[in-house]
Each structure stands twice: as C-alpha cells, then as structure tokens.
Amino acid sequence: MNWNTRVTELLSIKYPIIQGGLAHLAYSDLAAAVSNAGGLGQITAMSLATPEELRTEIHKTKEKTSLPFGVNYAIGNHGRPYEEMVQVAIEEKVPVISVTGGNPKGILEMVEGTGIKKLVLVAAKRQAQKAEELGADAVMVVGQEGGGHIGRADTGTFVLTPEVSDAVDIPVIASGGVSDGRGLMAALALGAEGVEMGTRFVATKECVHAHDLYKEAILHAGITGTTVIKRSIGAPARVLLNDWVTHILSLEEKEVGYDGLKTYISGDANKRFIHEGIENEGFGWAGQVSGRIDKVVSVNELFVTMIKDAEKIRGSWG
C-alpha cells in the first residue's frame, strides 16, 4: 500500500502517524523510537525547566535517530514565556514544531522563514481556519475522545475531522480515539491525511518516564474509565478516573474556581501519578481509546501491527 499523503511529504516520514506532545513524558527515548519506526516522534518542550534542558534533549534525540522529529510547545494559559524555548528549536534546526493549548500566533511568527514545519492542534473548524491564516502547514484536529485538553464543544473526532477537512486547504491530522490500523484507515476515509496518537504511545515500552501503574491503569480503564475535568474553568481535559479525579469533580460542582482547584490539577499532581505511580495523590491524562488498549508493546511492534491491519482493511475493499 502506498502510504504517501501530504502529511508524509510535508514531514518527510514513511507513515502518516504522529506522536502527541505528552507533557512530562515525551522525551528522546520515545521520540526517537517513533521516528525510527517511520512516524514523527516529538519532544515536549514546556515540561522542561530551561532552554538548555531542551537543547540537551534535542541532542539526545539526534543521537538516537537520523530521521525527522518534532518539538511540541504546550503553551496553555499558565503564562510561562516560550520565546527562549522556541529559539532553541530554531538554533538546533529542528525539522518540525507543534503548538498546542493556546494561541499559536507568536510561535508561528518566530519560526516563519526558518524552514521548520508548523503543526497546530485545534478543536474546532474556526480554530483550524485561523491556524491556516496564521501560517500553519497542517492542523491536528482533536475530538472529545482525546486524552488531555480537548475542545469545549464536545464534538467527536468522527464529526470534526471531515468538517475541518472541508474548511481548510492545508493537510488535516486526526487526533482522539485512534490507537490502531482501523483508526488510521477511518481517519483517512474522513479526509484526514494522517493521525496523531497520545494515549497509545504512553502504553509502549519506550515511554520510559511513564510509571508502570499508569500504563496498567490505561490497560484496565475500559471505554468508560475516563472522564473530563476542568470544565468549570473553561479548560476541559480528559483523564483516567480515580479517587483524586472524583474529588476534583466534587470541587467543580461546588464552583470553587481555579484557586480552589489549582492544587489538585497542577503539574505536580499529574507527575505524582504518571511518574511515581501514587494514584491516590494525582491524575493521569488518557483518552477514551484506553478501552481499546490491552497490551504494552514496543513502538516498532505497534507500527508493524497498525500498518499490517490497515493494509488488510484496504485489501478487503477490493
């Protein structure tokens, strides 16, 4: 099967499969493994403390792969400056950057003319159109099934992908609810030219920063084992259900606002669970696709299975 799409051509990759930014998890081991398997691996920039830490992680990735990889900038609403972190990517001639969780305008302007390919995560048609206007080379469209931060409209990937594909001229990458060859083929049928996966890559051997308990929680979650927090503060995000998350939801019902939630939804609370495996003192991002994941495999095994299954589907179409 010919896997060439505008996404593979844009990013110079073999298969149209992109690894999500994965806060506090996406570093050189995982990024290089995904790129070596034929996709696009990514490093999470804003989870690193300093520009020099990012530079070091980029160097480590270059030592582990000669293939293209990206750096993800989850800029969010926390107000942390990103300019110095972006400058590192420019100086290191990183092939691809992606922007999630905030207005991409400043970052897109910084990398304009550098040759770096620019991806922007969106959760609505208008956001995609705006990203295209601002100079994005492709948009990643996340449906409400996805793990981590999602759109406010609760629109599913199956509906959102074709809507955005019809509304922009740049390539569309589907995100949310994809974990296997069936998801890949469905995305292509809906008008996307690639997929982005997050939760599926957490449950891989090369995601070495993810605690075994976190991976096991994904394997045993089931399709109803996630929920959405932070709706009350206008920043909905999907996580694994546990007692900590249930408490967050109870606080949201009391309308305590950001100040009342910040201790419970902090990066530290996230890391207690995903890094240390302390489930009753933190939370872990995960999508509904957790219910479709039943095994921790190597990244290469994942790609081999995905492509084999996708090509089997294509062959059955005649």
Would you please list the contacts, defined by Cβ atoms under 9 Å and residues six or more apart or on different chains, that run from a residue in region 124-150 that is on the phi < 0 side of the Ramachandran plot to a residue that is among the aromatic types (F, W, Y)?
G143/F158; E145/F158; G147/W285; H149/W285
Selection within region 18-76 - closer than 22 Å to H275 by Cα and among the β-branched types (V, I, T):
V34, I43, T44, T50, T56, I58, T61, V71, I75
Residue check, V202 surrounded by fewer than 18 Cβ atoms within 10 Å (Cβ to Cβ) and under 17 Å from K271 (Cβ atoms)
no
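One line per residue, one yes/no per condition, for (1) at pLDDT 95 or above; (2) in a loop (DSSP other than H, G, I, E, B); (3) within 27 Å of G102 (Cβ to Cβ):
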| site | (1), (2), (3) |
| --- | --- |
| E9 | yes, no, no |
| I18 | yes, no, yes |
| L22 | yes, yes, yes |
| V34 | yes, no, yes |
| G38 | yes, yes, no |
| I43 | yes, no, yes |
| E52 | yes, no, yes |
| E57 | yes, no, yes |
| E63 | yes, no, no |
Inspect all residues belonging to region 101-116 and state whether any of them is of a type in the set (G, A, S), surrounded by fewer than 18 Cβ atoms within 10 Å (Cβ to Cβ), modelled with pLDDT of 95 or more and over 19 Å from R80 (Cα atoms).
yes
Scan region 191-205 and give yes if some residue there is more than 18 Å from Y15 (Cα to Cα) and part of a loop (DSSP other than H, G, I, E, B), otherwise no.
yes
Conditions (1) surrounded by fewer than 19 Cβ atoms within 10 Å (Cβ to Cβ); (2) over 30 Å from L134 (Cα atoms): number failed by R152
(2)
Check off (1) under 22 Å from K308 (Cα atoms); (2) in contact with a Gly (Cβ under 6 Å, 6 or more places away or on another chain) for S12 and give me the number that stays unchecked.
(2)
Of all residues in region 166-186, how many are under 11 Å from I17 (Cα atoms) and either of a type outside the set (G, A, S) or in contact with a Cys (Cβ under 6 Å, 6 or more places away or on another chain) (or both)?
4
For region 281-304, indicate whether the set of residues that are of a type in the set (D, E) and farther than 25 Å from S179 by Cβ is non-empty.
yes
Return the residues of region 31-74 that are small (G, A, S), crowded, with 18+ Cβ neighbours inside 10 Å and out of contact with any Leu (no Cβ under 6 Å at 6 or more places or on another chain); say none if nothing qualifies.
A31, A32, A33, A37, G38, G39, G41, S47, A74
Any chance region 216-224 includes a residue that's out of contact with any Gly (no Cβ under 7 Å at 6 or more places or on another chain), buried (at least 24 other Cβ atoms within 10 Å of the Cβ), at pLDDT 95 or above and under 22 Å from E276 (Cβ atoms)?
yes
All-but-one check, V172 against (1) under 17 Å from the mean Cα position of the chain (by Cα); (2) in contact (Cβ under 8 Å) with a residue 60 or more places away in the chain, failing number (2)
Test M1 against the stated conditions and say whether it is outside any helix (DSSP H, G or I) and touching a residue at least 40 places away in the same chain (Cβ under 8 Å).
yes
Checked region 180-190 for anything out of contact with any Asp or Glu (no Cβ under 8 Å at 6 or more places or on another chain) and not in a helix (DSSP H, G or I); matches are L190
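The values are calculated or read from the model by the stated rules, or taken from the named source; none is laboratory data. Please read these numbers as outputs of a predicted model, since none were measured by experiment. When we count neighbours, we look across all protein chains shown, and the Cβ atoms used for this are built from the backbone with ideal geometry, even at glycine.
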